Amino acid sequence: MLEKKLHDWLNNEASEADIEALKADAENASYMKISEVAKEFTAPAWNPNDHYANLQMRLQQEQHPKNRMRWIAGIAATIAIVAISYFFLATKDTAIRTQIAQKETITLPDESLVRLNAESSIRFNEKDWNSDRSLSLEGEAFFDVAKGETFTVETPSGSVEVVGTEFNVHARATHFSVSCYEGLVRVVYADTIVNIPAGEAIQVVGGRLSTLNNKGNTAPSWLQDESSFEAASFAVVIAELQRQYPVQIQTPTIINKQFTGSFPHNNLEVALRSVCEPLGLSFDIDGEHVTIYAAAKQ
């Protein structure tokens, strides 16, 4: 009975007597309170066009900061790539290295010539060459320098400065020497500065610098495929043999001798004989392996 009266009340069809009866029942009175509160709420008017416009505006507001940040990040990345590329292009050096039994002639940007001996390398900055004529050398090279500003050769042992001249630099682990064939060469070694005129040379062995007479020579012998030595240690000679020929040389007994003479670069057997016979030594060749030993006494 009360359900019928509640139904009528919700549809505004209940009489005053029915309403009083419903209020008297606790459960139905709660329903009536909920219904009265719900009547206070009204749904906003629905306009599809306005709703779509508001949605578009919100999406644009959310995407605009993201797109702007992406644009800024893209510009920053492009600037970084250009800057890094310029740095490497501006500072990247040209490096040239020769292998065993190989010689190479290089023309520098100012038309100066460099002739690299075997197992040697140079490095220079071609872009800045006109304002800074300098290069680094490891090994041995002959230089024919064009006239101009100061020309500098940096080596692990010391530096050589010239203006326009012909000279040879030998800079290896245990040996440093500079020979001047034309003009004037200035050598800086440790705290010592030495000026070398044409026809003279300096060498550093064991940390000691000495001056040599180079008159009568117009170029280093290795340019004619021959290595020459004057009172050189046997170890230095063997090391040069292994640069000019693709062989491994073994000396079972350390030979404490000095060598004055030369050997060719085009015949291994002749080269070994040129070195060994004056020192009373013999040798065996087995492919790419050479063994040097004391010759038997006769």
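The values are calculated or read from the model by the stated rules, or taken from the named source; none is laboratory data. Keep in mind the model is a prediction, meaning the values are calculated, not measured. Every residue, glycine as well, gets a Cβ built from its backbone with ideal geometry; the counts of neighbours run over all protein chains shown.
Odds and ends about this structure:
- Residue match in segment 170-190 (condition: of a type in the set (A, V, I, L, M), at negative phi and without any contact (Cβ under 8 Å) to a residue 24 or more places away in the chain): yes
- Tally, over segment 149-163, of residues that are within 28 Å of the chain's Cα centre (by Cα) and not in a loop (DSSP other than H, G, I, E, B): 7
- Residues of segment 109-129 satisfying the condition of being in a loop (DSSP other than H, G, I, E, B) and more than 21 Å from the chain's Cα centre (by Cα): P109, D110, E111, S112, N117, A118
- V188 within 25 Å of E119 (Cα to Cα), at pLDDT 90 or above, hydrophobic (A, V, I, L, M, F, W, C) and in contact with a Gly (Cβ under 6 Å, 6 or more places away or on another chain): yes
- Filter result for the condition that a residue is farther than 18 Å from T94 by Cα, assigned by TED's automatic domain parsing to the domain that holds S179 and either surrounded by fewer than 22 Cβ atoms within 10 Å (Cβ to Cβ) or of a type in the set (V, I, T) (or both), over G139, G158: G158
- Boolean, F167 is among the aromatic types (F, W, Y), more than 25 Å from the chain's Cα centre (by Cα) and either over 26 Å from K92 (Cβ atoms) or crowded, with 19+ Cβ neighbours inside 10 Å (or both): yes
- Residues located in segment 251-265, provided they are surrounded by 12 or more Cβ atoms within 10 Å (Cβ to Cβ) and assigned to a loop (DSSP other than H, G, I, E, B): T251, I255, K257, H265
- Residue in segment 137-158 that is touching a residue at least 24 places away in the same chain (Cβ under 8 Å), out of contact with any Pro (no Cβ under 6 Å at 6 or more places or on another chain) and farther than 27 Å from T107 by Cβ present: no
- Test: residue in segment 266-282 that is surrounded by fewer than 19 Cβ atoms within 10 Å (Cβ to Cβ), in contact with a helix residue (DSSP H, G or I) (Cβ under 8 Å, 6 or more places away or on another chain), part of a helix (DSSP H, G or I) and not aromatic (F, W, Y): yes
- Residue within segment 252-260 that is under 30 Å from Y293 (Cβ atoms) and in contact (Cβ under 8 Å) with a residue 60 or more places away in the chain present: no
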